[in-house]
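**Q** Below: one structure in structure tokens.
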Amino acid sequence: MAADLLESVPDVRPAEEVIAEGAVLLPGFARTIEVELLEALRAIIEQSPFRHMTTPGGHQMSVAMTNCGGFGWVTDRSGYRYDPNDPQSGKPWPPMPGAFRELARAAADRGGFGGFAPDACLVNRYQPGARMSLHQDRDENDFSAPIVSVSLGLPATFLFGGLKRSDKPRRFRLEHGDVVVWGGPTRLAFHGVAPLAEGEHSLLGRQRINLTFRKAR
Ligand code: SIN
Ligand code: FE2
């Protein structure tokens, strides 16, 4: 009887939410493959561990990062760039797992961007208090491909603004398994993440992991 009752409660979150022109939030889109994603993630981190990178201005980022795929996004005192090698090991970044690639392509498709073939996946780790200030993703060569952003673990507040830094961002709650796709007219939208609140996630513990897929070259 309790099960019947639960089944009759509708899912209050819509299958997708258009958050701006060319930008869509797909709640829970990655949930069905969470186990594969987390397994693949473990192997990536073993090969290329998380590290706190330094901005060109000399600040250490509160978000810890690593990468997989043909190119990895890095920052240091000399600037931002895509590097085929992990600067820490001098070896190529771990390859992009098939499950990552397929998830990114399927999400992009749902967002209206067919044939997305990412060559870069930035892996961001937020612990409570970590944040990402408003920025544009513009170190890629080709802005015709969208950005696909996957959230795992603790919930976060995603800030999604306009094409000018001064445009007031709107706030969206991103939960475990949620995917955001943006491109076309909003490919260069300013975005960021508010300081992560304390919490404990059943699968990931005291952290949020974000996978950002891009076509870098
Ligand atoms: C980013 O913009 O690189 C990260 C976005 C996020 O963590 O959701
Ligand atoms: Fe970004």
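Each reported figure results from applying straightforward, stated rules to the coordinates on display, with no laboratory input. What you see is a predicted model; the values in this text were computed from it and never measured. Note: ideal-geometry Cβ built from the backbone for every residue, glycine included; neighbour counts use all protein chains shown.
**Q** For the chain, with the dipole built from +1 on Lys and Arg beta-carbon atoms and -1 on Asp and Glu ones, taken about the Cα centre, which of 41, 136, 202 lies farthest toward the positive end?
**A** Final value for the positive-end residue is 136.
**Q** Something else now. Please give me the summed charge of the neighbours of residue 162: other residues whose Cβ is under 13 Å from its Cβ, Lys and Arg +1, Asp and Glu -1. Present the calculation step by step, with values, prior to reporting the outcome.
**A** On the way: positive: 164, 165, 168, 170, 187; negative: 21, 167.
Summing Lys and Arg as +1 and Asp and Glu as -1 gives +3.
**Q** Taking the Cα centre as origin and putting +1 on Lys and Arg beta-carbons and -1 on Asp and Glu beta-carbons, what dipole magnitude results for the chain, to the nearest 20 debye?
**A** Once rounded to the nearest 20, the dipole reads 840 debye.
**Q** Please list 162-171, 113-122, 147-156 highest first by mean number of surrounding beta-carbon atoms within 10 Å per residue. Spell out each step's value before the answer.
**A** Details: 162-171: 11.3, 113-122: 18.8, 147-156: 24.4.
Packing order, densest peptide first, comes out as 147-156, 113-122, 162-171.
**Q** I would also like to ask the following. So what's the net charge close to residue 204: Lys and Arg +1, Asp and Glu -1, counting the other residues with Cβ under 15 Å from its Cβ? Intermediate values should be presented prior to the final figure.
**A** Working: positive: 31, 42, 125, 206, 208; negative: 34, 36, 39, 175, 178, 198, 200.
Net local charge, residue 204 excluded: -2.
**Q** What's the local net charge at residue 80, with K and R +1, D and E -1, over the other residues with C-beta under 12 Å away?
**A** Values: positive: 77, 81, 138; negative: 76, 83, 137, 139, 140.
In short, -2.
**Q** A follow-up question, please. When the Karplus curve 6.51 cos²θ - 1.76 cosθ + 1.60 is applied with θ = phi - 60°, which whole-Hz ³J(HN,Hα) does each residue of the stretch 157-170 get, with x for Gly and Pro?
**A** Ordered by residue, 3J(HN,Hα) equals 9, 8, 9, 10, x, x, 7, 10, 4, 7, 5, 5, x, 8 Hz.
**Q** For the chain, take the longest principal axis of its alpha carbons; what is the angle in degrees between that and the long axis of helix 98-110, to the nearest 10 within 0 to 90?
**A** 70
**Q** Just to be sure I follow: if Rg is taken over the C-alpha atoms of the stretch 84-217 and Rh is the Kirkwood radius over the same atoms, what is Rg/Rh?
**A** Numbers: Rg = 14.9 Å, Rh = 15.5 Å.
When Rh is taken as the Kirkwood radius, the ratio is 0.96.
**Q** Considering amide H positions built from the backbone, and no H for Pro or chain starts, which residues 5 or more places from residue 162, or on another chain, come under 5 Å of its amide H?
**A** 167, 190
**Q** Could I ask something else about it? Which angle between 0 and 90 degrees, to the nearest 10, do you get for helix 34-47 versus the longest principal axis of the chain when only C-alpha atoms count?
**A** 20
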